[in-house]
Amino acid sequence: MPIAPIDQIKSKVGQELGVSDWITVGQDRINVFADATEDHQFIHVDEALAKQTPFGGTIAHGFLSLSLLSRMAADVMLVPETTKMGVNYGFDRVRFLAPVRAGSKVRGRFTLVSFEEKRPGQYQFAHDVTVEIEGEDKPALSATWIGQVFA
């Protein structure tokens, strides 16, 4: 994650911070996620049956797309120089807008919505995030992601 002074992070509130690198969501990744979550619905793991659906093939779990935010954030989310650790606090809103077909590439677009000190050395921030699908007009998801860092 890019490191920055607290004043610089505060000055970015309301601005787009950037876009992550593309991440390929291949069938192997989908299968591993299905095993980890015990969600083996056929639209995710059975290529023959999934071809018969309106999706035309297997698609990633919405929660897989959401979980990739952590990796995407590593490319663009600013953290204070003295950060000791960061934790997820939650989401105000998550909407799954379009399926991520197996083999697609996704990336995250991050806008810093807020950054405030809750206690000395404990900062809470929120980002509006859109997960884009390469070559698609509609994004996979949009969310407001809230986290905390301890610096």
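Gln8 versus Ala74, label points 7 Å from Cα toward the beta carbon: distance in nm?
Using points 7 Å along Cα→Cβ, the separation is 2.1 nm.
Would you mind calculating the gained length between Asn31 and Glu16 on full extension (0.36 nm times residue separation, minus the Cα-Cα distance), in nm to one decimal?
2.1 nm
Explain nothing, just the number: relative contact order of the chain, from Cα pairs under 8 Å at least 6 residues apart, as a whole percent.
Answer for the chain is 31 percent.
Could you sort the peptides 115-128, 38-51 by per-residue average Cβ neighbour count (10 Å cutoff), highest mean leading?
115-128, 38-51
Whole-Hz Karplus ³J(HN,Hα) for segment 82-94, in order, using 6.51 cos²θ - 1.76 cosθ + 1.60 and θ = phi - 60°, x for Gly and Pro?
For segment 82-94, the Karplus curve yields 9, 4, 9, 6, x, 9, 6, 10, x, 10, 7, 7, 9 Hz.
How many percent of Cα pairs in segment 1-146 exceed 21 Å?
For segment 1-146, the share of Cα pairs beyond 21 Å comes to 47 percent.
For the Cα atoms of the chain, what angle does the longest principal axis make with the long axis of helix 27-37, in degrees from 0 to 90, nearest 10?
It is inclined by approximately 70 degrees.
Bear in mind these aren't lab numbers, they're just calculated from the coordinates by the rules spelled out. Everything numeric here is computed off the predicted structure, so don't read it as measured data. Every residue, glycine among them, receives a Cβ derived from its backbone with ideal geometry; neighbour counts consider all protein chains shown.
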